[in-house]
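Enquirer: What follows is a structure written as structure tokens; I'll ask about it next.
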Amino acid sequence: MPQKDLTLAIERREKAGSTHSRALRHSGKVPAVLYGHGSTPQHIAFDARLFDELLHHGGRSSLITLTLNGRKADTALVRELQRDPLTRKIIHADLQRVSVDEEVHTTVTVVAVGVPLGVREYGGVLDMITRELEIAGPVNRLPAQVEIDVTELSIHDHITASQVQLPEGFKLLTPGEQTVAAVEASRTAAQLEEAEAAAAAPAEELQPEVIGEEAPAEEAPPEQRESSE
């Protein structure tokens with residue numbers, strides 16, 4: 001289900017550039033750009049802690065209402081986040097203006113539900129190969145995430161993108177054959193199977209080599225024996 005009432009208070013930035021952005025970050029804010037709908041991109045900023053909370057509640061893929069001085073200013077989607085490579089804190093964000101009734105292309109998080117049969121019974125490992133899907137649909141009904149039931153997956157079973165159920169009105173943009181989740185044997189189990197197979201294989205019959213024993217001399221033909229006698 002889409003998240004409701006995601007609201008973010010913003011402020012306009014009169015200045016841009018790295019020096020001003022560093023000062024904003026030092027004061028606990030995130031510098032950002034708001035663009036879209038043919039309007040000139042605006043430099044904005046917002047509280048870093050509140051933005052983190054909003055992302056935690058589905059703001060990465062849901063419609064956000066932006067307020068300026070306490071009044072509704074825009075509705076937007078988070079399009080790109082830049083993080084510090086060491087601290088992983090958000091240092092910049094790009095937001096795109098969207099109206100509440102338009103269709104948009106975006107990504108949605110995939111969440112596995114349940115414990116696979118191959119994990120429960122055979123010690124396998126669930127591998128989430130694709131954690132996000134590209135979808136298109138009405139922005140006012142964007143899901144915060146989509147779930148896949150993995151309980152019946154055994155060893156070497158998988159789920160593709162085309163098998164993921166999307167909410168009504170949405171279409172899949174990710175290639176349908178893309179593997180989303182798979183269950184494989186654990187490395188330890190695979191190594192044990194190989195060892196057992198090698199032990200069960202019949203050993204080749206080898207003739208022992210006797211060290212120090214000379215090979216018997218070849219018997220001479222009869223005519224040679226007669227001449228030598």
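Enquirer: Could you grab me the full set of residues in region 19-44 that are out of contact with any His (no Cβ under 6 Å at 6 or more places or on another chain), closer than 19 Å to THR87 by Cα and crowded, with 16+ Cβ neighbours inside 10 Å?
Expert: Of everything in region 19-44, those that are out of contact with any His (no Cβ under 6 Å at 6 or more places or on another chain), closer than 19 Å to THR87 by Cα and crowded, with 16+ Cβ neighbours inside 10 Å turn out to be SER21, LEU24, ARG25, LYS29, VAL30, ALA32.
Enquirer: Could we say that THR67 is in a strand (DSSP E or B), closer than 25 Å to ALA32 by Cα and more than 22 Å from the chain's Cα centre (by Cα) here?
Expert: Numbers: in a strand (DSSP E or B): yes; closer than 25 Å to ALA32 by Cα: yes; more than 22 Å from the chain's Cα centre (by Cα): yes.
So THR67 passes the test.
Enquirer: Can I ask one more? Read through the list (1) at pLDDT 95 or above; (2) loosely packed, with under 13 Cβ neighbours inside 10 Å, then give the number of the only condition that THR188 fails.
Expert: All conditions pass for THR188, except number (1).
Enquirer: Look at GLU80 and say whether it is in the same structural domain as SER186 (by TED's automatic domain parsing) and not hydrophobic (A, V, I, L, M, F, W, C).
Expert: Numbers: in the same structural domain as SER186 (by TED's automatic domain parsing): no; not hydrophobic (A, V, I, L, M, F, W, C): yes.
Spelling it out, it is not the case that GLU80 is in the same structural domain as SER186 (by TED's automatic domain parsing) and not hydrophobic (A, V, I, L, M, F, W, C).
Enquirer: How many residues, within region 17-66, are without any contact (Cβ under 8 Å) to a residue 12 or more places away in the chain and β-branched (Val, Ile, Thr)?
Expert: Looking only at that region, the number is 2.
Enquirer: Does region 105-114 contain at least one residue that is more than 18 Å from HIS156 (Cβ to Cβ) and touching a Lys or Arg at 6+ places or on another chain (Cβ under 6 Å)?
Expert: The answer is yes, given that some residue of region 105-114 is more than 18 Å from HIS156 (Cβ to Cβ) and touching a Lys or Arg at 6+ places or on another chain (Cβ under 6 Å).
Enquirer: Continuing with the same structure: Take ILE90 and tell me if it is in the same structural domain as LEU54 (by TED's automatic domain parsing) and aliphatic (A, V, I, L, M).
Expert: Details: in the same structural domain as LEU54 (by TED's automatic domain parsing): yes; aliphatic (A, V, I, L, M): yes.
In short, yes.
Enquirer: Okay, next question. Go through region 77-95 and count every residue that is crowded, with 19+ Cβ neighbours inside 10 Å and either of a type in the set (Phe, Trp, Tyr) or modelled with pLDDT under 95 (or both).
Expert: Residues meeting the conditions: 2.
The values are calculated or read from the model by the stated rules, or taken from the named source; none is laboratory data. As the structure is a computational prediction, the values presented were derived from the model and not from experiment. No Cβ is skipped: glycine too gets one built from the backbone with ideal geometry, and neighbour counts run over all protein chains shown.
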